[in-house]
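Student: This is the structure I have questions about; it appears just below.
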Amino acid sequence: MRFQFLPNSSLFVYLKFCSFTKETQSGACKSGEGESYLTELVEINDTMDAMLTWHPGSLLVLWSYSMELSEETVLVDCSRLKSAVWKDFDRVKRGDACVAVCKHCKKKLSGSSTSGTSHLRNHLIRCRRRTNLDVSQMLASKGKRKEGSLTPVNFTYDHDQTKTDTPNHIKYEQTPLKEGLVSLTSGNFENKRSRFDLARMIILHGYPLSMVEHVGFKIFVRKLQPLFELVTLDGVVADCKEIYLKEKQKVCEMLDDLPGKISLSVDTWAAKGDAKYLCLTAHSVDETWALRKKVLSFIYVDPFQTEDAVSEALMARLMEWDIDRKLFSMTCDSCPIHDNIVGKLREHLLQNRFLLCNGQLFEVRCAANIIKIMVEDCLEALNLTICKIRESVRYIKSSQSIHEKFNEIVQEVGVDTEKSLCLDNPVYWNSTYIMLDIALEYREAFSRLQEQDFAYTMCPSDDEWSQASTITSFLKLFVEVSTVFAGSKIPTANIYFPEVCDIHLQLIDWCQSRDELISSLSLKMKSRFDDYWKKCSLVLAVAAILDPRFKMKLVEYYYPQIYGGEAPDCVDIVSNCMRALYNGHDVYSTLASNSQVGGSDGGNDTRDRLTGFDRFLHETSQSQNVKSDLDKYLEEPLFPRNVDFNILNWWKVHTPRYPVLSMMARNILGIPMSKVSLDSAFDTGDRVLDQYRSSLSADTLQALICTQDWIRNGLEDSKSSSSSSTLAICYDAN
């Protein structure tokens, strides 16, 4: 016989067991002595973590020996026994040996005084008929619980097998437990709760659902918690969807409780084949004046689906979330398909009179996206020169001798820079800008190297260097503006107007270039930018006016530079839009306050008899030229500019002074003028789902992506408390 055992197992038992087997076969072993050896072996079996491999004849002798006990039994009084384990066992005496009989499943185990009680405790842990019972006191006396036990489920023995044959194996598996609460030393274990914790872990970290069927995962879980019932792939999918529905209800309640309007952003994701998905994200400013963002839907779009069908699908999702009445704006990328879809949604919402200011501010284009489009134009126009510079840098780095020779030339021409040449990563356009910017400083050294090294043939010409210098200055501006857009800790809508105006002025200047390549490129970029400016200039200007550091002054500063003689008329357009939007919020706030007053009266009659008086007061106040919130705000001096200014905190403090204007500021400042984060602001490619997520069904994918966003937002909101992030992962299974 051979087997593996833990360090705390006794080799003495193995040797005695072999001796016992030989003595039993020869008839020289006493009954009581053999029973104690059997008990010690069972105890080791219950505590060790290994597969036992037996030689023929050894186990069979012991097994048959234990079964051939005398049928005459005597019940022994257990009241004098100190161990709490005897509350669940009857001690029966059979001849000279004592047997412990489980009161729950009637299983017979050794009950002799030399056997101890650890094997009895191990049996109670896995006893199928004993659930929801407190065994913590019984286990506490033993300290740390030993590793999970294994139960023999299959044993075969071939009587014709010889000792030289391969030994048979006894298979062990964990006994499955019924759902319910099982009390352990460390507290209560609930299988259902742990199953949902597993599902939330998979959602939170984006692990593949199939991990629950991986062999390594199953082994790890069994070692960690033998009481946990492993779940199947279908089971974990069902758990994820159930979590999604519960979290969705919480998000619905949060959206319903928002004090202001909701702005949406739409992102396009590509999947395998021609499949695409639309990701809807809600943006708002909550009651504490903090920006909130929640992914609402991840919608599958069939490549053959018409624009009308897509707009209807989006409208159905808005009604499903019951936010069609609260919608303020929708931000998407600059492309004809999105223009048509958003335009149809705008028409539908206008028919129901859900949009303020006649929907003038509803259609918003992503600022980072228009910059990305113009960057692509720059890289395309300079493609040949970029390739030459990239190959030049690669040639310098190709060998140590060439690098040393180039350094000597750098010293000769007097290049004054500490920057080192570097290759770009074409996936990130800002790295291409860095490569060009540094290479331009070594321009003379590259030209001198071409004169001395006939193998170096990819040096750009003087005209190409000049064009590269100009376009690199374009890219520098785009890098700086993109960093402001994506790097802001509080990306409210007011930060975009000055940056976009600077781009506008630069484009006007670049179009005056005498270089044909630069001039044509600038006109192409300005044409794209004008489409963006036409749709977004109003909302950009209104957001800037709501910044107490600028108000109307920033518009009055930039518009003469952009429009020249037409600037006063353009400023009036912005001013009129501002007042129309304010009046819409004023009416909305009056209706809302009347609704609250009418609903607060006691009794069955909830009518407010002074509603008409409120309306009269509002109308007479306007006729008497009483200053509005907007007038008072614009007449007061500008707030000093400083680096640490938080516009949301400012409006939170000044809400009592400007009750209507603060409501308007809440809706305007929450508009996502850019939908791109810092880690993807410089990507040249589109958003693409990986192969694993592309293979999931549409409803499963939506459940995973939306719930992951909700859980992560919950964890970020609870970072202030050290224990909150841990508690936020827990799931209430009740």
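Student: From 415, 410, which residue is of a type in the set (A, V, I, L, M, F, W, C) and outside any helix (DSSP H, G or I)?
Tutor: The conditions single out 415.
Student: So, one more: Please go through (1) surrounded by 19 or more Cβ atoms within 10 Å (Cβ to Cβ); (2) in a helix (DSSP H, G or I) for residue 424 and return the number of the only condition it doesn't satisfy.
Tutor: All conditions pass for residue 424, except number (2).
Student: Additional query: With respect to residue 241, determine if the residue is surrounded by 15 or more Cβ atoms within 10 Å (Cβ to Cβ), touching a residue at least 40 places away in the same chain (Cβ under 8 Å), at negative phi and part of a helix (DSSP H, G or I).
Tutor: Yes, satisfied.
Student: State yes or no: is residue 446 in the same structural domain as residue 389 (by TED's automatic domain parsing), of a type in the set (Phe, Trp, Tyr) and without any contact (Cβ under 8 Å) to a residue 12 or more places away in the chain?
Tutor: Taking the combined requirement at face value, the residue does not satisfy it.
Student: Could you check residue 586 against (1) modelled with pLDDT of 95 or more; (2) among the charged types (D, E, K, R); (3) in a helix (DSSP H, G or I); (4) closer than 30 Å to residue 640 by Cα and say which number it fails?
Tutor: Only one criterion in (1) modelled with pLDDT of 95 or more; (2) among the charged types (D, E, K, R); (3) in a helix (DSSP H, G or I); (4) closer than 30 Å to residue 640 by Cα is unmet by residue 586, namely (1).
Student: Considering only residues that are more than 16 Å from residue 388 (Cβ to Cβ) and in a loop (DSSP other than H, G, I, E, B), look in segment 427-474 and name the one that is nearest to the chain's Cα centre (by Cα).
Tutor: 427
Student: Tally the residues that are of a type in the set (A, V, I, L, M) and over 35 Å from the mean Cα position of the chain (by Cα), restricting the search to segment 488-524.
Tutor: Total meeting the criteria: 7.
Student: Considering only residues that are more than 24 Å from the chain's Cα centre (by Cα) and on the phi > 0 side of the Ramachandran plot, which ones fall in segment 259-317?
Tutor: Listed by number, the list holds a single entry, 273.
Student: Of the residues 349, 296, 314, 280, which is under 19 Å from residue 259 (Cα atoms) and either modelled with pLDDT of 90 or more or not small (Gly, Ala, Ser) (or both)?
Tutor: Answer to the selection: 296.
Student: Mind counting the residues in segment 280-297 that are crowded, with 17+ Cβ neighbours inside 10 Å and in contact with a strand residue (DSSP E or B) (Cβ under 8 Å, 6 or more places away or on another chain)?
Tutor: So the count comes out to 11.
Conditions tested, residue by residue: (1) β-branched (Val, Ile, Thr); (2) within 18 Å of residue 669 (Cβ to Cβ); (3) at pLDDT below 95.
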{"site": "462", "(1), (2), (3)": "no, no, yes"}
{"site": "472", "(1), (2), (3)": "yes, no, no"}
{"site": "475", "(1), (2), (3)": "no, no, no"}
{"site": "485", "(1), (2), (3)": "no, yes, yes"}
{"site": "490", "(1), (2), (3)": "yes, yes, yes"}
{"site": "493", "(1), (2), (3)": "no, yes, no"}
{"site": "496", "(1), (2), (3)": "no, yes, no"}
{"site": "502", "(1), (2), (3)": "no, no, no"}
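Student: Residues being closer than 19 Å to residue 487 by Cα and touching an Asp or Glu at 6+ places or on another chain (Cβ under 7 Å): count how many of those fall in segment 644-683.
Tutor: Of the residues in that region, 2 qualify.
Here's the yes/no breakdown for (1) of a type outside the set (Gly, Ala, Ser); (2) touching a residue at least 40 places away in the same chain (Cβ under 8 Å); (3) closer than 23 Å to residue 674 by Cα; (4) touching a helix residue (DSSP H, G or I) at 6+ places or on another chain (Cβ under 6 Å):
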site	(1), (2), (3), (4)
296	yes, yes, yes, no
312	yes, no, no, no
325	yes, no, no, no
350	yes, no, no, yes
365	yes, yes, yes, yes
368	no, yes, yes, yes
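Student: To continue, here is another question. Do you know which residues across segment 611-644 are modelled with pLDDT of 80 or more and over 23 Å from residue 494 (Cβ atoms)?
Tutor: 627
The values are calculated or read from the model by the stated rules, or taken from the named source; none is laboratory data. Since this is a predicted model, take the numbers as computed values, not measurements. All Cβ positions, glycine included, derive from the backbone under ideal geometry; neighbour counts span all protein chains shown.
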